[in-house]
Amino acid sequence: MATETRIDLTEAANRQTADPSIGELVKEIAADMSQLVRQEVELAKAEVKQEAAKAGKGAGMLGGAGFASCMTLVLLSFAAVFGIGSEIGLGWAALIVAAVWSVIAGILAVAGRTQLRRVHPKPERTVETLKEDARWARHPIS
């Protein structure tokens, strides 16, 4: 009889390892999901970091292009001053070039201000859809 009890206990232990309980399965699934989410977050972080590095390089290049453009405008302005200055004098030529740049700055300022007035600070469509969602959540049947 003792031998039969040992065999029954061994079989019961084998059945437990072969057929895990629902609680163990849920715990295993939760652990797997947690690990999967952590891995996905790490992957997203790596991708964002890589894309941010690319964006940083691009922004640096655009900054360099902006600086080069400014230098080009300065040198072209000097060339215009000296070109006009050979006819009417350097002082008057510099004044003419400065006036032209002043007019360009004024036009750009007015155009920029007009463009900024068209900007809406809050996302109107998103606010409206959120209000609709809130109404629906309060009265899901209607």
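Computed from the coordinates by the stated procedures, all read-outs in this text should not be read as laboratory data. Please read these numbers as outputs of a predicted model, since none were measured by experiment. Because the Cβ atoms are built from the backbone with ideal geometry, glycine has one as well, and the counts that use them run over all protein chains shown.
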Query raised in the report: So is residue 91 of a type in the set (Gly, Ala, Ser) and surrounded by 11 or more Cβ atoms within 10 Å (Cβ to Cβ) or not?
Result: no
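Quick check on residue 89: is it on the phi > 0 side of the Ramachandran plot and without any contact (Cβ under 8 Å) to a residue 40 or more places away in the chain?
Taking the combined requirement at face value, the residue satisfies it.
Does residue 73 qualify as being of a type in the set (A, V, I, L, M), surrounded by 10 or more Cβ atoms within 10 Å (Cβ to Cβ) and either outside any helix (DSSP H, G or I) or within 24 Å of the chain's Cα centre (by Cα) (or both)? Before the answer, list the steps.
Values: of a type in the set (A, V, I, L, M): yes; surrounded by 10 or more Cβ atoms within 10 Å (Cβ to Cβ): yes; either outside any helix (DSSP H, G or I) or within 24 Å of the chain's Cα centre (by Cα) (or both): no.
It is false that residue 73 is of a type in the set (A, V, I, L, M), surrounded by 10 or more Cβ atoms within 10 Å (Cβ to Cβ) and either outside any helix (DSSP H, G or I) or within 24 Å of the chain's Cα centre (by Cα) (or both).
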Query - Pick from the stretch 102-142, criterion assigned to a loop (DSSP other than H, G, I, E, B) and among the hydrophobic types (A, V, I, L, M, F, W, C), ranking: surrounded by the fewest Cβ atoms within 10 Å (Cβ to Cβ) - result: 141
